[in-house]
Ligand SMILES: [Zn+2]
Ligand SMILES: [Zn+2]
């Protein structure tokens, strides 16, 4: 076993604090990783505070992990000691169901093992995430970080990146398509970059006109202020695809009206009831599709990393000393980060 150190919440109401714990010795198919950087995702806050009701304590968040391989099990073939690798939101799945067989482990019929706060499939211990010095993961759930990528800025690709890339790919966004991105946080700013790299004409929907210049810097061609009814009306029937990254309840109806017939509105940020209610005519009358999407499979996570290297895409980050993690959570809730905090794990040893 390895002795590891990390930051964990001991209950829903206590701040994250240092904790020493054990990581297993590598099983035959495992890779042991020294963690160099870990992105901070909104899910981490929800889980640390048990806002989804599924937390298990102690809870050590972190599922945007980048590090270096330090040891491999006897049967490992994909990675070797010294390789730069990543681990995202999942560390295991059943590996035999229809979803797993289709490289869609995130939809595993038996439920994927999440990177933190889920029982390990072999020994039943509670998984501990990436706010830590090391992690041990089956090689199937470890991806390669392309050399060209900045390691710290690559970390958020493992959740924020794949979450926005996967639906754009699944629905076949291509050159010339008109794509609207709703919201410009960690997910939205990546969505703009991916849609642009796929050749689409990209529009950011935002509540505040003050974000227009920043949206253009991120690559958006146009900006629509969603609180301006005139601007929304002028966009009626315009878009092929809407990537909706808004994490709180919002009225979908005005957005649906901006889609063409056969247009697709895809939810990646909302996991609550739709409120106000959806007017079905907004779907029926134009054969529009309202859909959802969750992260991506492991093969596609490798694909998005390679895509980022090829197209020079990275996440905009602010480096974080792990001692300031609780303050960072407060700033994220206030929307005060452009666009992702990434923990420099060297600060854990300091
Ligand atoms: Zn996440
Ligand atoms: Zn499965």
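In region 336-350, how many residues are touching a helix residue (DSSP H, G or I) at 6+ places or on another chain (Cβ under 6 Å) and outside any loop (DSSP other than H, G, I, E, B)? If you could, list the steps in order and put the result at the bottom.
Initially, region 336-350 is screened for residues touching a helix residue (DSSP H, G or I) at 6+ places or on another chain (Cβ under 6 Å), giving 337, 339-343, 347-348.
Pick out the ones that are also outside any loop (DSSP other than H, G, I, E, B) and you get 340-343, 347-348.
Selection size over region 336-350: 6.
Of the residues 140, 42, which is away from ligand 1 (no atom under 16 Å from the Cβ) and either under 22 Å from residue 337 (Cβ atoms) or within 20 Å of the chain's Cα centre (by Cα) (or both)?
Details: 42 fails: away from ligand 1 (no atom under 16 Å from the Cβ).
Unique residue meeting the criteria: 140.
Does region 98-109 contain at least one residue that is away from ligand 1 (no atom under 16 Å from the Cβ), within 21 Å of residue 292 (Cα to Cα) and in contact with a strand residue (DSSP E or B) (Cβ under 9 Å, 6 or more places away or on another chain)?
Among the residues of region 98-109, at least one is away from ligand 1 (no atom under 16 Å from the Cβ), within 21 Å of residue 292 (Cα to Cα) and in contact with a strand residue (DSSP E or B) (Cβ under 9 Å, 6 or more places away or on another chain), which makes the answer yes.
What helices (runs of 4 or more DSSP H) completely inside region 203-279 contain at least 3 residues that are farther than 24 Å from residue 42 by Cβ and at pLDDT 95 or above?
Details: elements: 212-218, 229-234, 253-256.
Counting at least 3 such residues, we get 229-234, 253-256.
What are the residues in region 316-335 that are in a strand (DSSP E or B), in contact (Cβ under 8 Å) with a residue 60 or more places away in the chain and surrounded by 14 or more Cβ atoms within 10 Å (Cβ to Cβ), if any? Give the steps one after another, and end with the answer.
Just the residues of region 316-335 that are in a strand (DSSP E or B), to begin with: 317-320.
Then keep just the ones that are in contact (Cβ under 8 Å) with a residue 60 or more places away in the chain; that gives 317, 319-320.
Answer for region 316-335, where residues must be in a strand (DSSP E or B), in contact (Cβ under 8 Å) with a residue 60 or more places away in the chain and surrounded by 14 or more Cβ atoms within 10 Å (Cβ to Cβ): 317, 320.
Of the residues 118, 127, only one is modelled with pLDDT of 95 or more, within 16 Å of ligand 1 (Cβ to nearest atom) and within 19 Å of residue 1 (Cβ to Cβ); which?
Values: 118 fails: within 19 Å of residue 1 (Cβ to Cβ).
It is 127.
Looking at (1) in contact with a strand residue (DSSP E or B) (Cβ under 7 Å, 6 or more places away or on another chain); (2) in contact (Cβ under 8 Å) with a residue 12 or more places away in the chain; (3) over 26 Å from residue 311 (Cα atoms); (4) surrounded by fewer than 21 Cβ atoms within 10 Å (Cβ to Cβ), which is the one condition that is false for residue 221?
Among (1) in contact with a strand residue (DSSP E or B) (Cβ under 7 Å, 6 or more places away or on another chain); (2) in contact (Cβ under 8 Å) with a residue 12 or more places away in the chain; (3) over 26 Å from residue 311 (Cα atoms); (4) surrounded by fewer than 21 Cβ atoms within 10 Å (Cβ to Cβ), the lone unmet condition for residue 221 is (3).
So, in region 282-300, how many residues would count as being part of a loop (DSSP other than H, G, I, E, B) and either within 16 Å of ligand 1 (Cβ to nearest atom) or touching a strand residue (DSSP E or B) at 6+ places or on another chain (Cβ under 7 Å) (or both)? Even if it seems obvious, please write down each step before you answer.
Applying the first criterion (part of a loop (DSSP other than H, G, I, E, B)) to region 282-300 yields 285-288, 293-297.
Next, only the ones that are either within 16 Å of ligand 1 (Cβ to nearest atom) or touching a strand residue (DSSP E or B) at 6+ places or on another chain (Cβ under 7 Å) (or both) stay: 286-288, 293-297.
Residues in region 282-300 being part of a loop (DSSP other than H, G, I, E, B) and either within 16 Å of ligand 1 (Cβ to nearest atom) or touching a strand residue (DSSP E or B) at 6+ places or on another chain (Cβ under 7 Å) (or both): 8 in total.
Return yes or no: is residue 28 in a loop (DSSP other than H, G, I, E, B), more than 16 Å from ligand 2 (Cβ to nearest atom) and touching a helix residue (DSSP H, G or I) at 6+ places or on another chain (Cβ under 7 Å)? So that I can check it myself, show each step before the final result.
Working: in a loop (DSSP other than H, G, I, E, B): yes; more than 16 Å from ligand 2 (Cβ to nearest atom): yes; touching a helix residue (DSSP H, G or I) at 6+ places or on another chain (Cβ under 7 Å): no.
No.
Conditions first: (1) within 29 Å of residue 242 (Cα to Cα); (2) surrounded by fewer than 23 Cβ atoms within 10 Å (Cβ to Cβ); (3) free of Cβ contacts under 8 Å to residues at least 60 places away in the same chain. Residue 112 passes all but one, so which condition is the exception?
Unmet for residue 112, out of (1) within 29 Å of residue 242 (Cα to Cα); (2) surrounded by fewer than 23 Cβ atoms within 10 Å (Cβ to Cβ); (3) free of Cβ contacts under 8 Å to residues at least 60 places away in the same chain: (2).
From the list 91, 76, 87, pick out the single residue that is closer than 23 Å to residue 306 by Cα and more than 21 Å from the chain's Cα centre (by Cα). Working first, answer last.
On the way: 91 fails: more than 21 Å from the chain's Cα centre (by Cα); 87 fails: more than 21 Å from the chain's Cα centre (by Cα).
Just one listed residue meets the conditions, 76.
For region 31-74, how many residues meet the condition of being in a strand (DSSP E or B) and within 17 Å of residue 1 (Cβ to Cβ)? Even if it seems obvious, please write down each step before you answer.
The initial filter retains those residues of region 31-74 that are in a strand (DSSP E or B), namely 31-40, 59, 65-72.
Applying the additional criterion that residues be within 17 Å of residue 1 (Cβ to Cβ) yields 31-35, 70-72.
Qualifying residue count for the region: 8.
Would it be correct to say that residue 146 is more than 16 Å from ligand 2 (Cβ to nearest atom) and over 19 Å from residue 345 (Cα atoms)?
Yes, satisfied.
Identify the residue in region 53-69 that is closer than 27 Å to residue 316 by Cβ and out of contact with any strand residue (DSSP E or B) (no Cβ under 7 Å at 6 or more places or on another chain) and, among all such residues, is nearest to ligand 2 (Cβ to nearest atom). Even if it seems obvious, please write down each step before you answer.
The initial filter retains those residues of region 53-69 that are closer than 27 Å to residue 316 by Cβ, namely 60-68.
Still in the list and also out of contact with any strand residue (DSSP E or B) (no Cβ under 7 Å at 6 or more places or on another chain): 61, 63.
Working: 61: 24, 63: 18 Å.
Selected residue: 63.
Could you run through region 214-241 and say how many residues are under 21 Å from the mean Cα position of the chain (by Cα) and more than 13 Å from residue 184 (Cα to Cα)?
Total meeting the criteria: 1.
Each row is one residue, and each column tells you yes or no for (1) within 17 Å of residue 43 (Cα to Cα); (2) at pLDDT below 95.
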| site | (1), (2) |
| --- | --- |
| 297 | no, no |
| 308 | no, no |
| 330 | yes, no |
| 335 | yes, yes |
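The values are calculated or read from the model by the stated rules, or taken from the named source; none is laboratory data. If you're wondering where the values come from, they're calculated on a predicted model, not measured in any experiment. Positions of Cβ are backbone-derived with ideal geometry, glycine not excepted, and every protein chain shown enters the neighbour counts.
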